[in-house]
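Here the structure is laid out as structure tokens; the discussion comes afterwards.
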Amino acid sequence: MNTPFRNPFAFLLSILLAVTAAACKSDGNARPAASPPSATLELPPNADPAPELAELAFMAGRWIGVNPNKTVNEEHWMSPRGNNMAALFRQIRRDGKPGLVEVTLITAESEGVFLRLRHLHGQLDVPKNRPNVSVFRMVSAGNNVAQFAGTGEAEQVTAVIYRLVDANTLESEIQFAPDSKEKGFTTRYTRETPR
């Protein structure tokens, strides 16, 4: 009969089984070691935010709001990194299904700072009446307010204004040209803390 000391393979196997058993919890599932928080993650210089985006950092966060018709709007803005920051918007209908989704990208370019928005229906299909990306140029930014104006096909949108009302309240105001069929509106969001 071999002992672990006489059979190196059996000895290593017994150690491996012991380590595996120790890693498993009472429910029988092994759990990987926790990742360090992102605050300790060392990012390379290419992730440093462009100076042109410094005045937009107030928008970063998870924002949620309830419309008068009880639909729910969510807008999640990522922090500025490199020459850009990105957001995902979704609207939840009263039946719980997605009403629409928007993907937004703000980029600092040689011609200025631009906000590009892709509007999608709930099943991620592109609306026939809005097949192109809407493009807005930043008009001003400072004191926790940023304003963009529509260009090209989006020029009927005279202003898209993001305003930090207080540490936990963000407003998004949309204004249209006087001859537009659209009516302006403001959406108020509350900062949502991760669970």
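Taking the alpha carbon gyration tensor of region 53-191, what are the square roots of 5 times its eigenvalues, largest first, to the nearest whole Å?
On the way: eigenvalues 93, 72, 47 Å².
Calculated on Cα positions only, the semi-axes equal 22, 19, 15 Å.
What is the distance in Å between the Cα centres of region 137-173 and region 69-132?
A separation of 14 Å, based on Cα centres.
Where does each of 96-102, 144-150 land if you order them by average Cβ count within 10 Å, highest first?
Working: 96-102: 13.4, 144-150: 19.7.
Highest to lowest by the protection proxy: 144-150, 96-102.
None of the figures in this text is laboratory data; all of them are computed from the coordinates on show. Since the structure is predicted, the reported quantities are computational estimates derived from the model, not experimental observations. Quick reminder, even Gly has a Cβ in these numbers, built from the backbone with ideal geometry, and neighbours come from all protein chains shown.
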